[in-house]
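Working notes, structure below.
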Amino acid sequence: GEEAKKTTMTITVCTHVALLALFVIINLSYFGTAVDDDIKAASFIFGDSLVDAGNNNYLSTLSKANIKPNGIDFTASGGNPTGRYTNGRTIADILGEELGMPNYAVPFLAPNSTGKAILYGVNYASGGGGIMNATGRIFVNRLGMDIQIDYFNITRKQINQLLGQSKAKEFISRKSIFSISVGSNDFLNNYLLPVLSAGTRVSESPDAFINDMINHFRAQLTRLYQLDARKFVISNVGPIGCIPYQKTINQLKENECVDLANKLAVQYNGRLNDLLAELNDNLPGSTFVHANVYDMVMELITNYDKYGFSTSTRACCGNGGQFAGIIPCGPTSSMCDDRTKHVFWDPYHPSEAANIILSKQLLDGDTKYISPMNLRQLRDL
């Protein structure tokens, strides 16, 4: 009754800005021969709040980032919030710039995602979204992977109209990169969420839940392949047990992380690795690149001082508890003095400074972090 309602309300308030953890998006541009005089490449981005560039602004949802001080360091908007869940650029933005992309991929739900603009790429990602359709329902509205691929199907038909069928197929298969970072919310806002998932956890073991995720994800990636996608960058799930939100609600010490959350991520990541190898073997002409976000972010968290950070536990913008990890970033939040010294911008998401370091590993790193090739090599494939 009332108690349960109160608990749900508290959790909703605690998490309404974005329950997506540490998760890296890879938004990439590929430059080959121009299909069109001025359009050389496209980047199609799927996933959750680390990838969302503003889709949730157009949904009636509790997961939104279009409030200050989000975007305070985002030059393109003059420091105003855009719906990105960080202080500046997402990894997608940085990678696009590094690879010479002329524009950021436009959010699918934005009014300007029409006509030729879609040939630079489209962003379908949504804060709170996951692989499973039930994931993120605490936020009321969000776009899960199935819906994001439905939306890409709409874009795919529009590209046929713009370029004609054979040119469109070549454009999608040879000159477009499909970046997908999803999975964190399936744990944070589904399996591990106390109010919603106690029943699920009793009825479904971690093995069974992860099995479900992998089966859904296989179907989703195969569907993109059937729509002519060939170059994929897939991020695994980061160390979600180490984000300020999880450390705060579990009352951990500075150097501790939530064991169950990280174990689930590691278990899922092992299965994801096998899935990508299977798809590389079974889908002719495809290249699935695996971005090992878990190890990249764990390295930043463990050796933060080596990278010039002063903390990898405390959110720069947030309130509550030792790590400012309970109440998401908003106009009334306390904010750190130097945003470049924090690995985490808010209770869930990396700062732009962290995103810059992660991007470098994805662009030029070795197979420890990105395999079987890095993103510059994928671009030139």
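Checking the stated criteria, Ile234 turns out to be in contact with a strand residue (DSSP E or B) (Cβ under 6 Å, 6 or more places away or on another chain) and open to solvent by less than 20 Å² (accessible area, probe 1.4 Å).
Counting the residues of region 149-198 that are touching a residue at least 24 places away in the same chain (Cβ under 8 Å) and among the acidic types (Asp, Glu) gives 2. One residue stands out in region 147-162 among those that are under 15 Å from Ala42 (Cβ atoms) and open to solvent by less than 30 Å² (accessible area, probe 1.4 Å): the one that is farthest from the chain's Cα centre (by Cα), namely Ile159. All conditions but one from (1) under 23 Å from Leu276 (Cβ atoms); (2) modelled with pLDDT of 95 or more; (3) open to solvent by less than 60 Å² (accessible area, probe 1.4 Å) apply to Arg223; the one that does not is (3). If we keep just the residues of region 83-101 that are surrounded by fewer than 19 Cβ atoms within 10 Å (Cβ to Cβ) and touching a residue at least 24 places away in the same chain (Cβ under 8 Å), which is nearest to Gly121 (Cα to Cα)? Step by step, filter region 83-101, then rank; the result is Gly100.
Only helices (runs of 4 or more DSSP H) whose full extent lies in region 130-211 are considered here, and the ones with at least 1 residues that are modelled with pLDDT of 90 or more are 145-163, 165-174.
The residue of region 102-111 that is modelled with the highest pLDDT, among those that are open to solvent by less than 20 Å² (accessible area, probe 1.4 Å) and either small (Gly, Ala, Ser) or assigned to a loop (DSSP other than H, G, I, E, B) (or both), is Ala110.
Pairing each residue of region 252-267 that is surrounded by 13 or more Cβ atoms within 10 Å (Cβ to Cβ) with any residue that is basic (Lys, Arg), provided the two are 6+ apart or on different chains, yields C-beta distances under 8 Å for Glu256/Lys247; Cys257/Lys247; Val258/Lys247. Of the residues in region 242-254, none is over 29 Å from His342 (Cβ atoms), touching a Phe, Trp or Tyr at 6+ places or on another chain (Cβ under 6 Å) and not in a helix (DSSP H, G or I).
The values are calculated or read from the model by the stated rules, or taken from the named source; none is laboratory data. Everything numeric in this text was worked out from a predicted model, so none of it was measured. Here the Cβ is made from the backbone with ideal geometry for all residues, glycine too, and neighbour counts use every protein chain on show. Ligands, DNA and RNA are excluded from the accessible area calculation, which covers all protein heavy atoms including side chains. Shrake-Rupley method; radii C 1.70, N 1.55, O 1.52, S 1.80 Å.
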